[in-house]
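Everything below concerns the one structure shown next.
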Amino acid sequence: MKKTILEIENLSKTYGSSVVLKDISLKVNEGDTIVIIGPSGTGKSTLLRCVNLLTKIDGGKIFLDSEEITAPGVSEDNVRQHIGMVFQDFLLFNHLTAIDNVMIGQVKVLGKSPADAREKALQELERVGLKDKANHYPGQLSGGQKQRVAIARALAMDPRIMLFDEPTSALDPELIGEVLEVMKRLANDGMTMLVVTHEMGFAREVADRIIFMEHGLIQEEGSPNEMFYHPKHERTREFLWKITELYGKHEDQGSEKL
Amino acid sequence: MREWFAFFQSILPNFIQGAQVTLQLTFGGLLLGLIIGLPAAVLRVYGGKKLSWLAIAYIELFRGTPILVQLFVIYFGLPDLGITMSRMGAAVLAMGLNSGAYQAEYFRGAIQAVGGGQMMAARAIGMSRYTAIRHIILPQALRLVIPAWSNEPISLLKASSVAFLIAVPDLMTTAKAIVVKTYDPIGTYLAVAVVYLVLVYVLNIFLELAEKNLQIPGFKLEAQQR
């Protein structure tokens, strides 16, 4: 039995009168890559933000390594150190070079020495293929490079789990590949990942489980094979068909060989 | 014209001491304004309800009343409460309090321009609010603020002339004394205007230099990018 890293129990979230998340329950085991798909405005990003405690939940519980992180008195800053987050719009620290972006959390949050932090930062930059850009400022990097630095920044904290919030949605089409490549490698290296994306090729190839969310609910979940070829709900089939048409046609043709 | 030049040259040495006092007033006020204004801006943006209300009250009070009134209240009014201070002290305090309110608004604008995303990203790697403000928000805001903030030393330098009204021996007071001796008000006030102009010009050079030296590639306000 694999160890459970993240467990969400009956999570709910409302903004005023609109219910964004209803009774979401979800388990992420060590080394799993879970991909969440669904139409926009169905609470996928909100779910990630709740897990990272960037958004307060209204009901339910979240456990990280079997410890409840939503319990009163838990230090949010402490929890977030162990959860890596990658945003749609990168959000690199614009006044810092790539390497300083990867170092600052280690130094200011984990209290590492600058020398140790630098070594680790170089390792992580190498992992995302950007060691040679270490001294570039975000303004001098392409979108894809920025996102890879952002991934390195999160990895440098040695997180228990990585959350990706539509990491390629703000990228030019030709830059998407390099980011997905890095994410695939991470998944293969055994990183535990919870990914919100519209990249169906990535979902099919990398996901251990796909979760289809709509209207704040988990409508269906299963292996890529089940979800793509034998979905239980007509709505799942319809959504997947539409989105594959839109985003992943080139990948779709490749999948004939599967 | 040549006549005035000769007159200007003859009275120029008298302005040196006055110029020093004017610069002391300016930098004293600027520094005090920075010390008050930066925390006020941070409190206004991140302070929560009560503290941001306090910051707003301070800013509105000192932006909403003339600096001359503030100076007179401090210099002539505070002694009634048992607080007396030197002319210079009163002038620096008035200018600092006044400037702090304006600087707070410059800083607030810059902090808000840095954007909530940066704060979110900082919190996401486990930084506390304080650490994020200190190491992520302010280093960016302080760079963004320079072009707008550069108005402040210049306007403060000129505003320092109100100190004349409580007889601080600044440029303006010096000019007045020269007028009494030479009976040439137009020539003298033109001369002091030139001195102010030169000081502002020199100040500007330093500010532009600072802006250039602190620049980061690709890091600008959207409006500056054009």
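Laid out as a table, the results:
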{"read-out": "Conditions (1) in a helix (DSSP H, G or I); (2) open to solvent by 30 Å² or more (accessible area, probe 1.4 Å): number failed by B:I136", "value": "(2)"}
{"read-out": "Those strands (runs of 3 or more DSSP E) lying entirely in the stretch A:9-66 with at least 3 residues open to solvent by 50 Å² or more (accessible area, probe 1.4 Å) and either more than 14 Å from chain B (Cβ to nearest Cβ) or under 24 Å from B:A121 (Cα atoms) (or both)", "value": "A:18-29"}
{"read-out": "Among the candidates B:I83, B:I74, B:I67, residue that is among the β-branched types (V, I, T) and either touching a strand residue (DSSP E or B) at 6+ places or on another chain (Cβ under 8 Å) or open to solvent by 60 Å² or more (accessible area, probe 1.4 Å) (or both)", "value": "B:I83"}
{"read-out": "Single condition B:T173 does not satisfy, out of (1) in contact (Cβ under 8 Å) with a residue 40 or more places away in the chain; (2) at positive phi", "value": "(2)"}
{"read-out": "Segments classed as helices (runs of 4 or more DSSP H), wholly inside the stretch A:114-232, with at least 2 members that are among the polar types (S, T, N, Q)", "value": "A:143-155"}
{"read-out": "Subset tally (residues that are closer than 19 Å to A:V74 by Cα and either facing chain A (nearest Cβ under 7 Å) or crowded, with 17+ Cβ neighbours inside 10 Å (or both)) for the stretch B:122-133", "value": "8"}
{"read-out": "Any hit, the stretch B:102-118, residues being modelled with pLDDT of 95 or more, closer than 22 Å to B:L31 by Cβ and within 14 Å of chain A (Cβ to nearest Cβ)", "value": "yes"}
{"read-out": "Candidate set: the stretch B:178-219, residues that are more than 14 Å from chain A (Cβ to nearest Cβ) and not in a helix (DSSP H, G or I); chosen: the one farthest from B:I154 (Cα to Cα)", "value": "B:Y183"}
{"read-out": "Some residue of the stretch A:150-160 being within 14 Å of another protein chain (Cβ to nearest Cβ), among the basic types (K, R) and touching an Asp or Glu at 6+ places or on another chain (Cβ under 9 Å)", "value": "yes"}
{"read-out": "Residue match in the stretch B:199-207 (condition: out of contact with any helix residue (DSSP H, G or I) (no Cβ under 6 Å at 6 or more places or on another chain) and of a type in the set (F, W, Y))", "value": "yes"}
{"read-out": "Every residue from the stretch A:81-95 that is out of contact with any strand residue (DSSP E or B) (no Cβ under 8 Å at 6 or more places or on another chain), at the interface with another protein chain (Cβ under 8 Å from one of its Cβ atoms) and part of a loop (DSSP other than H, G, I, E, B)", "value": "A:D89, A:L91, A:L92, A:F93"}
{"read-out": "Given (1) touching a strand residue (DSSP E or B) at 6+ places or on another chain (Cβ under 8 Å); (2) of a type outside the set (F, W, Y); (3) open to solvent by 40 Å² or more (accessible area, probe 1.4 Å); (4) at pLDDT 95 or above, index of the condition A:G111 fails", "value": "(1)"}
{"read-out": "Selection from the stretch B:7-27 of residues that are closer than 16 Å to B:F164 by Cα and among the small types (G, A, S)", "value": "B:G18, B:A19"}
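The values are calculated or read from the model by the stated rules, or taken from the named source; none is laboratory data. Please read these numbers as outputs of a predicted model, since none were measured by experiment. Cβ sites come from the backbone with ideal geometry, for glycine too, and all protein chains shown count toward neighbours. Calculation scope for accessible area: heavy atoms of the full protein, side chains included, ligands and nucleic acids excluded. Shrake-Rupley method; radii C 1.70, N 1.55, O 1.52, S 1.80 Å.
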